[in-house]
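What follows is calculated from the coordinates using simple rules that are stated; it is not laboratory data. Please read all numbers here as calculations on a predicted model, not as lab measurements. Ideal geometry is used to build each Cβ from the backbone, glycine not excepted, and the neighbour counts take in all protein chains shown.
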């Protein structure tokens with residue numbers, strides 16, 4: 001025993017000697033180096049405002065460069081005039097006073113990115129907000145980046161399943177598309193976005209939820225919800241809440257997009273939700289007014305269009321040559337009393353590839369999700385829809401369009417012919433089918449089954465308030481008896497004649 | 001009192017020009033008065049700078065070493081600068 005111990009001790013001694021030798025060598029090397037002479041760019045703070053400082057000096061600073069104040073507080077140059085430089089402060093600006101020195105760091109703002117971000121809640125600088133370990137990564141991505149050009153892009157033709165019947169059938173969203181979710185407060189905008197995240201569990205899509213200017217309590221609820229449905233494993237939350245400075249709120253969506261670009265460059269499909277861009281525009285307006293930029297319509301600065309267009313343009317689908325990844329953007333805009341013609345809504349509507357319009361009246365009438373099918377569009381449309389869905393949704397669209405026309409018309413007529421009654425009946429049933437409880441996304445096959453039943457008239461004889469029950473029973477039976485059918489349709493994404501026959505058999509047992 | 005806009009713009013122009021002129025000067029800060037040999041050594045070391053317009057100032061708060069300023073550019077070779085960098089590093093580790 002004693003012999004062993006001394007042997008171990010010997011080995012230990014030799015090892016530590018080697019270590020000490022190495023230390024001495026590196027120290028010697030460092031001492032031999034001559035002190036580097038670096039010419040620094042220095043500025044002096046002349047004015048401090050809410051989250052923004054104005055500086056003198058800094059003659060050779062670049063737009064977007066980072067500045068370092070005392071105690072390591074970092075600023076970001078966003079304004080340059082003949083005499084002064086304006087910078088937003090990322091962090092605690094109460095520490096900075098007039099006369100303080102600021103040093104230009106010579107590089108632009110970037111966030112650390114890595115796979116470790118999955119399942120985390122971070123602020124726009126990549127610092128954790130969930131009490132977890134700091135995200136260390138050698139790879140950083142620039143927050144402001146020019147969107148990929150035409151050559152690197154590819155047509156959007158792969159569907160992104162939201163799991164919401166009304167959207168997947170009528171307003172299909174493709175991977176790489178930008179689809180706006182717009183509506184008044186309390187109409188279920190965030191719910192649609194969260195349901196979409198929940199549905200990506202089996203779809204191999206990384207989801208980034210960017211909360212801008214929201215209540216901390218709401219963000220906490222969202223995190224809890226995602227954890228409950230085990231959706232945090234493939235999600236990242238970037239949050240700049242209402243308590244954070246406007247600078248953070250302004251940076252949040254760009255930062256979220258930069259994180260998305262990291263995963264896109266790895267060939268993955270990414271979904272980014274910006275909740276919401278109205279508050280983002282507000283924060284930019286506040287910054288611009290403090291910087292004394294000329295105010296335009298609704299006191300927004302002149303470049304408020306570019307503010308959102310440069311962000312949403314970064315959503316794209318890359319060609320296979322460049323990895324084939326994609327970023328799908330779901331920006332959210334809150335309107336006041338359904339006013340779509342306000343400044344920010346019209347801007348973002350014109351930037352995006354379509355919008356999902358949610359209405360208070362529909363919401364109160366019990367149609368949830370409260371999607372106004374007439375005003376909602378997807379400019380990518382059918383190219384981003386699976387064949388199975390196209391087969392059933394084509395008829396559905398027609399049914400609904402005819403129903404809308406006739407419903408408005410038939411209010412004044414007392415006697416209706418059989419044909420009209422049939423259309424009206426079908427329309428009410430299809431409208432019922434479009435209803436869906438929140439946090440319960442459906443798979444492609446489940447959606448197809450219900451819509452097939454509706455378009456083929458199996459619901460015509462069922463009373464309106466029994467339709468929900470029928471749907472639940474159908475789903476239960478499909479899970480019990482039609483497991484194979486669900487699997488084949490979900491995999492092949494086509495509805496064969498045989499599949500249809502089998503579905504018919506199952507539905508007939510219910511009716 | 002209303003200020004004549006003409007006077008105001010002239011004044012602004014004058015001040016800007018003054019600042020511009022000042023920027024051409026090189027300021028050298030040192031904790032004690034440098035003798036000619038030291039000055040020559042500095043000039044030799046930084047021969048890419050234009051030393052025709054140079055001002056040598058004394059500032060004992062920098063403790064040791066020198067600081068060379070030209071416009072907003074600054075080369076900090078003072079003990080004070082090194083120490084504040086060190087305190088910053090310690091603060092970050094903390």
Per-residue mean of C-beta atoms belonging to partner chains within 10 Å, peptide B:67-74: 5
Any idea how far apart residue A:491 and residue A:44 come out in nm if each label point goes 7 Å out from Cα toward Cβ? 7.5
Cut-off is 10 Å between beta-carbons; in what order do A:24, A:236, A:351, A:181 appear when sorted fewest neighbours first? A:24, A:351, A:236, A:181
Förster-model FRET efficiency, 35 Å R0, residue A:8 and residue A:28, C-beta, rounded to 0.05: 0.70
Helix axis angle, A:277-290 relative to chain A longest principal axis, alpha carbon, degrees: 40
Nearest 10 degrees is fine. How inclined is helix B:5-24 to the longest principal axis of chain B, computing both from alpha carbons? 20
Give the angle, between 0 and 90 degrees and rounded to the nearest 10, that separates the Cα long axis of helix A:246-265 from the longest principal axis of the Cα atoms of chain A. 80
Mean Cβ count within 10 Å, highest first, over the residues of peptides A:268-278, B:60-70: A:268-278, B:60-70
Just to be sure I understand the curve: with the Debye formula and one point per C-alpha of segment B:5-92, what is log10 I(q)/I(0) at q = 0.25 Å⁻¹? -1.22
With R₀ set to 60 angstrom, the calculated FRET efficiency between the beta-carbons of residue A:19 and residue B:16, to the nearest 0.05, is 0.50
Averaged over A:37-46, number of beta-carbon atoms from partner chains that fall within 10 Å: 4
Each label point is 7 Å from the Cα along the Cα-to-Cβ direction; what then is the distance between the points at residue A:409 and residue A:395, in nm? 2.2
Could you list the residues of segment B:50-65 with an amide nitrogen less than 14 Å from a label point located 7 Å from the Cα of residue B:24 in the Cα-to-C-beta direction? B:50-55
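Just rank A:485, A:452, fewest to most, by other beta-carbon atoms within 10 angstrom.
Result, fewest neighbours first: A:485, A:452.
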Subtracting the Cα-Cα distance from 0.36 nm times the residue separation, let me have the gained length for residue A:115 to residue A:298 in nm, one decimal. 61.8 nm
Using the per-residue mean of other Cβ atoms lying within 10 Å as a proxy for protection, in what order, highest first, do the peptides A:458-469, A:367-378 fall? A:367-378, A:458-469
Just from the alpha-carbon atoms, what are the Rg and Dmax of segment A:313-413 in angstroms? 17.2, 60
Scale the Cα Rg of chain A by the rule-of-thumb value 2.2 N^0.38 Å and send over the ratio, two decimals. 1.21
How do A:26, A:431, A:346 line up, fewest other C-beta atoms within 10 Å first? A:26, A:346, A:431
For residue A:82 and residue A:465, compute 0.36 nm times the residue count separating them, minus their Cα-Cα distance, and round to one decimal in nm. 131.0 nm
Please sort A:13-19, A:498-504, B:72-78 by packing, taking for each peptide the average over its residues of neighbouring beta carbons within 10 angstrom, highest first. B:72-78, A:498-504, A:13-19
